[in-house]
Amino acid sequence: MMWTLFFKLAGALVIVACGWLAGSGGASSLRTKRMFYEDMIELCELLQNNVAYQRDPLPVFFARETQGRQFSVLRFDTRGLEEFASWRTRFLSDTLARLSLSPHEQSVFHEFFLGLGNGSAQEECGRLHYYGALFASAQEEARKKERECARLYRSLGVCAGLTAAILLF
């Protein structure tokens, strides 16, 4: 009788823990989105400095500036930078495959990367400033949503786990 109760309680705790983990997964995707926007803001600042002061071509910039720099979400594989257009396409598809962005967010990300280097230095600075402000706004929205929803997701996961445990026992 004692062991049966122990196993039932242990099973209930495992089910509740699984619910908490499921809720944490939802909170994790919100955190990843916020960190993505932080990376994009940093990248915009680096690109603005490059356009304003160094004026390195994009392949040189990405090879030099992304080496040794620790981005949270963005991963820059600098192999194949000689053929920048194919590298950029591969980078876009790899990054979008790893992130859960809405279709609108994906299109903004695409437009940002596909438009790099298509204008004069002044146009490029204005464009980077625009996207930096756009990403800062999206980051603030993601931070707000993360604060509001992370606890909710975990609580719902625990409640679902408790409900499942009660129904099973």
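Since every read-out is calculated from the coordinates, none of them should be taken as a lab result. Fair warning: this is a prediction, and the values are worked out from it, not measured in the lab. Glycine gets a Cβ as well: all are built from the backbone with ideal geometry, and neighbour counts include every protein chain shown.
Please label the shape of segment 52-94 as rounded, prolate or oblate, based on the square roots a ≥ b ≥ c of the eigenvalues of the alpha-carbon gyration tensor (a/c under 1.5 means rounded; beyond that, a/b larger than b/c means prolate, else oblate). Taking the square roots of the gyration eigenvalues as a ≥ b ≥ c, segment 52-94 is oblate. Along segment 40-57 the Karplus relation, 6.51 cos²θ - 1.76 cosθ + 1.60 evaluated at θ = phi - 60°, assigns HN-Hα couplings of 5, 5, 4, 5, 4, 5, 5, 5, 4, 4, 5, 5, 6, 10, 8, 6, 6, x Hz to successive residues, with x for each Gly and Pro.
Projecting the Cα atoms of Leu92, Leu116, Met35 onto the dipole axis of the chain, where Lys and Arg carry +1 and Asp and Glu carry -1 at the beta carbon, places Met35 farthest toward the positive end. Our helix-only sum for the chain, with -39,500 (n - 2.57) per DSSP H run of n ≥ 4 divided by its residues, gives a mean residue ellipticity at 222 nm of -27500 deg cm²/dmol.
Across the options Gln48, Ala138, Thr163, the greatest Cα extent toward the positive end of the charge dipole of segment 43-165 (unit charges at beta carbon of Lys, Arg, Asp, Glu) belongs to Thr163.
Using θ = phi - 60° in the Karplus curve 6.51 cos²θ - 1.76 cosθ + 1.60, the 3J(HN,Hα) couplings for segment 115-122 round to x, 4, x, 9, x, 5, 4, 5 Hz; x is entered for Gly and Pro. Evaluated with a Cβ-only charge set (Lys, Arg +1; Asp, Glu -1), the chain carries a dipole of roughly 800 debye about its Cα centre, given to the nearest 20. When the P(r) is computed for segment 1-86, the part past 20 Å accounts for 58% of the Cα-Cα pairs. The orientation-averaged shadow of the Cα convex hull for the chain, equal to a quarter of the hull surface, comes to 12.8 nm².
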